[in-house]
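Remarks on the structure that follows.
What follows draws every value from the coordinates through simple rules; no lab data is involved. Computed from a prediction, not measured in an experiment: that's the story for all the values here. Using ideal geometry, Cβ is built from the backbone for each residue, glycine included, and neighbour counts are taken over all protein chains shown.
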Amino acid sequence: MDKLLTMSEKELTRLEVMKRLEEKRMRQSEAAERLGISVRHVKRLLNAYRKKGAEGLISKRRGKPSNNRLETKVKQEGMDLIRKRYEDFGPTLAHEKLTEAHGMKISVESVRQMMIAEKLWKPRRAKRPVIHQMRERRACLGELVQIDGSPYAWFEGRAPACSLLVFIDDATGKLLELYFTPEESMFSYSAAVKRYLARHGKPVTFYSDKHGIFRVNVKNALSGTGLTQFGRAMKDLDIKIICANTPQAKGRVERVNKTLQDRLVKEMRLHDISSIEAGNDFVQEYFQDFNRRFSVVPRSSFDAHRPLLPTDDLDRILTRQETRILSKNLTIQYKKVIYQIITSRPSYAMRKAQVTVCENAQGQISVLYKGHPLPFSVFHKQQHQAEVVSSKDIDHTLKKPWRPPDDHPWRNYGQTSK
C-alpha cells in the first residue's frame, strides 16, 4: 500500500532535482545553483533520497515545537508587564519598552502575536497605497526643514490641550526642534525658532503650510509689505520660507505628527509629564532618542546651517513690527494706544519721521528710529473695540462662560422664601 506523504513546495522542488540527478540529467553544481544551497548539501540530500526515497527529503522537525520558542514563564512575564503598563501600546513600542526598560529578550513579532492572542491588538488589513509624486530627499542637513503645528490632547487630560510645533529635517528625517505652546501664533513660532537657532544655526529654508503665520492669504492686498510678521523676521535672518500646496507635499512632517501623537504621548504618560513647561524640558531629551532610532544618513555630510551673525539681534527681530509716521506733536498710535515721543531735539526735526513699533511676546513696546530706541510715554488709551479673530484661534480666544455657584442669589431670583 502506497504511503501518503505531505511535502512543502520547497521539498517538491528538491524531489524533482534529485530525480534528475539520479537519472544523470543534471550535474551537482547545477542542482546547487537551482536550489540555492552548496554542492556539499546537495550530496547529503542525494544520499538521503537514495536511502529513503522522497521521505528522506521531508524535514524531520515537522510537527515538533520550535527550538526557538519562548518559554511559558517568559511569555507570562511579558504579558503581565504589557497588561500592567503598556496595554494601549502598539506591538513595536511595547517591544521596545520590554527590551529597554525590563531587559527582556523577546522579538517584536512574538509581542505582536501575544497581544493579538490576548485581544490587545487587532491586526489591520493593509490599505491600498495612494500613489503621490515622488520627491527625493534633499542632499544635506539644514537645506530644507519642514515645520508644522499639531494641536492635540498631548497630556491626555492631565493638562489642557495644546499644540506641538515640529521642526524636521528633510534630508535626514531628524527632529531638530519640538516645542509645546498653547496655540499656534507668530510669537510661539518665534520662541521655537529662537531655541532652534541657538542649537543648530540658521537653515536655508523652512517648508510650511499656508497658515496665515507664514503667508499673506488675502488676494490683491492693497497695503502692507506682502510679508507676514514671521515672514519678515525670517527675511531679516536670511531664512527662506516656502509653502506647500497640499499636505502630501510636506508628508514627512505630517507623518511624524501622527507618530508623535502615539509615541510621545505614551512616553510623557510613563514619565508623568503634566504641563507644557515640563513637556518642553522633556522633549529635549526625547527627540535625541527618536533621531537615534529613525533618522537616516544624508547623501552629503555637509551641514547647510549657518551661524548667527553679530547683527542678528533676535530679541528685536522676533517681535511684531509695524511702521508709523510721527505726527506734528510727535505722537503715534498703535493698537488703540497713543504714544508720546520724548526727545530733547526740536520737535520739527522729527515731524513726519518714520519709526518702527516693536511688540514682544510679553506685550512690551519699543519704538525704533533708524534702529535706535526712542523714549516715550503713554498719552491716551482708546476704548476697546471688537477683535478680528481667525477660525484657528477661536478656541483659544473664547473663554468658558462664568457659571455662578449653586448658592448664588441669582439662582433663587424670583422665588419666594418659605
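Structure shown: which of LYS75/LYS258; LYS19/LYS43; LYS127/LYS266; LYS10/LYS75; LYS202/LYS266 lie over 21 Å apart, alpha-carbon to alpha-carbon? If you can, show how the numbers build up before the last one.
Working: LYS75/LYS258 30 Å; LYS19/LYS43 13 Å; LYS127/LYS266 25 Å; LYS10/LYS75 32 Å; LYS202/LYS266 32 Å.
Those over the limit are LYS75/LYS258; LYS127/LYS266; LYS10/LYS75; LYS202/LYS266.
Work from the charge dipole of region 9-57 (Cβ charges, +1 for Lys and Arg, -1 for Asp and Glu, about the Cα centre) and give the residue of THR13, VAL39, LEU57 farthest towards its positive end.
Most positive-ward Cα: VAL39.
Set the Förster radius R0 to 22 Å, insert the Cβ-Cβ distance between ARG199 and THR259 as r into 1/(1 + (r/R0)^6), and round the FRET efficiency to 0.05.
0.55
Hey, got a sec? Which trypsin sites (Lys or Arg not before Pro) in region 58-133 land in a DSSP loop and have at most 12 other Cβ atoms within 10 Å?
Taking region 58-133 and a limit of 12 other Cβ atoms within 10 Å, the loop trypsin sites (Lys or Arg not before Pro) found are LYS60, ARG61, ARG62, ARG69, LYS105, LYS119, ARG124, ARG125, LYS127.
How many angstrom lie between the C-alpha centres of region 286-323 and region 105-121?
Comparing the Cα centres of region 286-323 and region 105-121, I get a distance of 40 Å.
Could you give the length gained on full extension between LYS10 and LEU308, defined as 0.36 nm per residue of separation minus the Cα-Cα distance, in nm?
100.9 nm
Cα extents of region 120-226 along the three principal axes, largest first, in whole Å?
56, 40, 35
So if R0 is 22 Å, what FRET efficiency would LYS210 and ASP236 give, r being the distance between their Cβ atoms, rounded to the nearest 0.05?
Plugging the Cβ-Cβ distance into 1/(1 + (r/R0)^6) gives 0.50.
How many angstrom lie between the C-alpha centres of region 1-32 and region 161-214?
63 Å
Can you give the charge dipole size of the chain about its Cα centre, rounded to the nearest 20 debye, using +1 on the beta carbon of Lys and Arg and -1 on the beta carbon of Asp and Glu?
On the way: 77 positive and 49 negative charges, 358 e Å.
Around 1720 debye, computed over the chain.
Relative to the Cα centre, what is the charge dipole magnitude of region 72-117, using +1 at the beta carbon of each Lys and Arg, -1 at the beta carbon of each Asp and Glu, and rounding to the nearest 20 debye?
That gives region 72-117 a dipole magnitude of about 140 debye.
Mean residue ellipticity at 222 nm from the helices of the chain, using -39,500 (n - 2.57) per DSSP H segment of n ≥ 4 over the full residue count, to the nearest 500 deg cm²/dmol?
-10500 deg cm²/dmol
State the answer as a single residue: which of GLN76, HIS102, TYR86 lies farthest towards the positive end of the charge dipole of region 72-117, with beta carbon charges of +1 for Lys and Arg and -1 for Asp and Glu, about the Cα centre.
So the residue furthest toward the plus end is GLN76.
Give the whole-number value, in cubic angstrom per residue, of the convex hull volume spanned by the C-alpha atoms of the chain.
312 Å³
How big is the dipole moment of region 9-57 about its Cα centre under a simple scheme where the beta carbon of each Lys and Arg is +1, that of each Asp and Glu is -1, and everything else is neutral? Debye, nearest 20, please.
Value, rounded to 20: 260 debye.
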